[in-house]
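Data first, discussion second: the structure below is written as C-alpha cells.
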Amino acid sequence: MMAQPESLIPVACEAVLVVEGKDEEFFFDALLQVEGIRNVHVAQIGGKDRLPGNLRTLRNERHFRSVRSLGVVRDADADPTGTFSSVRDALQRAGLPAPSRPAELVAGPPRVGVFIVPSGSQSGALEDLCLAAVEDDRAYPCVEKYFECLEQASVECPRERSRARMQVFLASREKVDRRLGVAAQAGYIPFASPVFDEVKRFLRALAE
C-alpha cells in the first residue's frame with residue numbers, strides 16, 4: 001500500500017502517468033519537459049508487483065475525481081502480451097477502464113491507456129528503447145567491444161544485458177551516473193530520436 005497516497009495526485013491534476021519506480025519517474029519527467037507537456041503528473045508506485053494494489057488505492061484517493069486521463073507504463077520484459085494482459089487485469093480489478101490494445105486510450109471517466117516499453121509487440125525494457133536511440137553515438141561501438149572483451153576473457157556477463165549496456169554507455173558521458181532517469185534529466189538521452197515517437201504520441205494523447 002502507498003504510505004502517502006495524497007502525494008501522488010496533486011490537487012486539480014487532470015492527467016496522471018503511473019510508472020514502476022523512481023528511475024522511470026525521473027525519465028518521464030525529463031521527456032515530458034523536453035516535449036513541453038506540462039499537465040501530466042508522473043507517479044511512481046515502487047515496483048511492478050505493487051501495481052494491482054496501488055491502482056486500487058489510487059482509484060480511491062480523494063483527488064482522483066479530478067483526473068481525466070490515466071496512463072500506465074510497464075516494461076515488456078520477456079512477454080509483452082502477458083505484461084499488457086497483467087496490467088489490463090489490474091485495471092479491471094481496480095474498477096478502472098481497460099484498453100484492448102497497448103498505446104490506445106479507452107473512454108472513461110477517466111480515459112485510460114497502457115504503454116508497454118519498448119513497444120506493445122517487443123520484449124525488453126526502457127533501457128532497450130534508450131539503447132536504440134544511442135546506436136549512432138560514437139561511444140556505442142565501444143560498448144559492444146566491452147562485452148565482446150568480457151566474453152573472450154570468459155567473464156560471465158550480467159543477465160540483464162540491456163541494463164548493463166546502458167550503464168556502460170552512460171559511463172562514457174562527461175558526468176558519470178549509472179541511473180537512467182538521472183541521465184535523462186542531464187540531457188544524455190537523445191529524445192529527438194524517432195525511436196521515442198510512439199511514446200511521445202501516447203503522452204500527448206494522455207495530456208489532451
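Report, largest value first, the span of the C-alpha coordinates of the chain along each principal axis, in whole Å.
Projected onto the principal axes, the Cα atoms of the chain cover 56, 33, 31 Å.
Within the chain, how many lysine pairs that are 8 or more places apart, or on different chains, have C-alpha atoms less than 27 Å apart?
6
So for the chain, averaging the separation of alpha carbon pairs under 8 Å that are six or more residues apart and normalising by length, what relative contact order in percent results?
It rounds to 23 percent for the chain.
Along each principal axis of its Cα atoms, how long is segment 110-208 end to end? Whole angstroms, biggest number first, please.
Taking the Cα atoms of segment 110-208, the three principal extents are 53, 29, 21 Å.
Calculated FRET efficiency, residue 192 and residue 41, Cβ-Cβ r, R0 22 Å, to nearest 0.05?
0.35
Excluding residue 137 itself, what net charge comes from residues whose Cβ is under 13 Å from its Cβ, given Lys and Arg +1 and Asp and Glu -1?
Net local charge, residue 137 excluded: 0.
Please identify which residues in segment 167-197 have an amide N closer than 17 Å to a label point set 7 Å out from the Cα of residue 136, following the Cα→Cβ vector.
The answer is 188-197.
Return 169, 27 ranked ascending by Cβ neighbour count within 10 Å, so the fewest neighbours appear first.
169, 27
As a test of the formula, what do you get for the chain when each DSSP H run with n ≥ 4 contributes -39,500 (n - 2.57) and the sum is divided by the residue count, at 222 nm and rounded to the nearest 500 deg cm²/dmol?
Result for the chain: -12000 deg cm²/dmol, rounded to the nearest 500.
I need the calculated FRET efficiency for the pair residue 150 and residue 177, taking r as the beta carbon distance and R₀ as 30 Å, to the nearest 0.05.
0.85
For a paramagnetic label modelled at 7 Å from the Cα of residue 208 toward its Cβ, which residues of segment 90-104 fall within the zone defined by backbone nitrogen distances under 12 Å?
It comes to 104, nothing else.
We did not get these values from a lab; they are worked out from the coordinates using the rules stated. The structure presented is a predicted model; accordingly, all values stated were derived computationally and were not measured. Don't worry about glycine lacking a Cβ; one is built from the backbone with ideal geometry, like all the others, and counts go over all protein chains shown.
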